[in-house]
Structures are given as structure tokens and as C-alpha cells.
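Note sheet for the following structure.
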Amino acid sequence: MKHTLSVLVEDEAGVLTRIAGLFARRGYNIESLAVGPAEQAGVSRITMVVPGDDDTIEQLTKQLYKLINVLKVQDITQIPCVERELMLVKVNASTTNRAEVIELVQVFRARIVDISEETVTVEAVGDPGKMVAIIQMLNRFGIREISRTGKIALVRESGVNTEYLKLLEAKV
């Protein structure tokens, strides 16, 4: 199972290296990693997606807390969250299929941020599932390049689980 960890750290040189080293020494892969300033000055939030069972993640969490600059570690996998990812995709789009590509981009509420005679570059923002879906749909045109930020997430203060609500809507 993939777990999403939200880690607050002191914003100092080498913190990310120590965290990545901790995972590497134990043979664990980090599938997605996003780092940026948090709400408090001098603190950064690291959001990472890590494969593993509950026991493994619990052990990794304990090891993270042993690192000096780590302030808080939270496994937010089972907690209702707002999750987003940014992706840029360069797609083949000649004059014969450009209109179709543009129409598809609009369906996903994405934007075209660059255009040339042979390609369009698309910017998509959304949950990771949306990123997979748009890639699948654009594959038939030929994808030249992809760049993704990795997942970022914040816990929903309302506690509303939108995944649960989507399941209810599907049954209706």
C-alpha cells in the first residue's frame, strides 16, 4: 500500500539529504517527494508517497523523529485530505489533430501553456487520479515529455472524506 507522509522540518541545509539517506539506508523507495515552505517561517513541509505496510511506515516514522530537524511526522493516508499535483505534458499536436487535443484538454480543465507547429504543452492540476487519466487520454496523440511535481496534501479540517462522497454519488 502507498502511504502519504506529511513531515514538518526545520528549514536548514541538509535536512532533505538526511531524510532521503534514512530511506535509502533501509532500502525504501520514495515514489513522490514535494518540499516547500510551511505556514511558519523557518519551517518546511515535505510531502512524500512511500510504499509499505503499516508496520513499515510506523518504523520509518519513529526513525524520522530521531532526526534532529524533524518537528512532526503524520501519516495522512487514511485521513480526509485535499491532494493536488501539477503536471506539464508536451503532446504531439499537428494541424490535423490539434483541435481534438485542445478539446480533450478543456474536458480535464487543464490549460495549454505553450504551442508550436508540432506540439502543445499542457498544464494540469488535480488529484493524482486525474493525472493518470489525462495521461491515458493524451497517449494516443503521442507524449513527448512529462514533468510532474509529486503529490502535495493538507488534512481537511472539515473532516469530510470526498472519496466517500464520490462513492455515494456513484451508487445514486
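Note on the chain: with a GNM built from Cα contacts shorter than 10 Å, the maximum mean-square fluctuation among ARG156, ARG25, ARG144 falls on ARG25. When the Debye formula is applied to the Cα atoms of the stretch 82-153, each taken as the same point scatterer, what base-10 log of I(q)/I(0) results at q = 0.17, 0.19, 0.27 Å⁻¹? With no solvent term, the Cα-only Debye profile gives -0.54, -0.67, -1.29.
Note on the chain: helix-only mean residue ellipticity at 222 nm, from DSSP H runs of 4+ residues weighted -39500 (n - 2.57) and normalised by residue number, equals -9500 deg cm²/dmol. If I model a spin label at GLU10 and ASP114 as a point 7 Å from the Cα along the Cα→Cβ vector, what separation in nanometres do I get? Distance between label points: 4.0 nm. Each label point was placed 7 Å from the Cα along the Cα-to-Cβ direction; for THR56 and ILE143 their separation is 2.4 nm.
Between GLU31 and LEU71, the distance separating the two model label sites (each 7 Å from Cα on the Cα→Cβ line) works out to 2.8 nm. Put in line by how crowded their Cβ is, counting other Cβ atoms within 10 Å and starting with the fewest, LEU86, LEU104 read LEU86, LEU104.
The Rg/Rh ratio of the stretch 1-151, with both radii computed over alpha carbons and Rh defined as the Kirkwood radius, is 1.08.
Legend: calculated FRET efficiency, ASN161 to THR17, from the Cβ-Cβ distance at R0 = 30 Å, rounded to 0.05, equals 0.30.
Rounded to the nearest Å, what's the spacing between the alpha carbon centres of the stretch 1-35 and the stretch 76-97? Just the number, please. Centre-to-centre (Cα) distance: 23 Å.
Throughout, read-outs are computed from the coordinates displayed, never taken from laboratory work. Because the structure is a prediction, the values reported are computed rather than measured. Glycine gets a Cβ as well: all are built from the backbone with ideal geometry, and neighbour counts include every protein chain shown.
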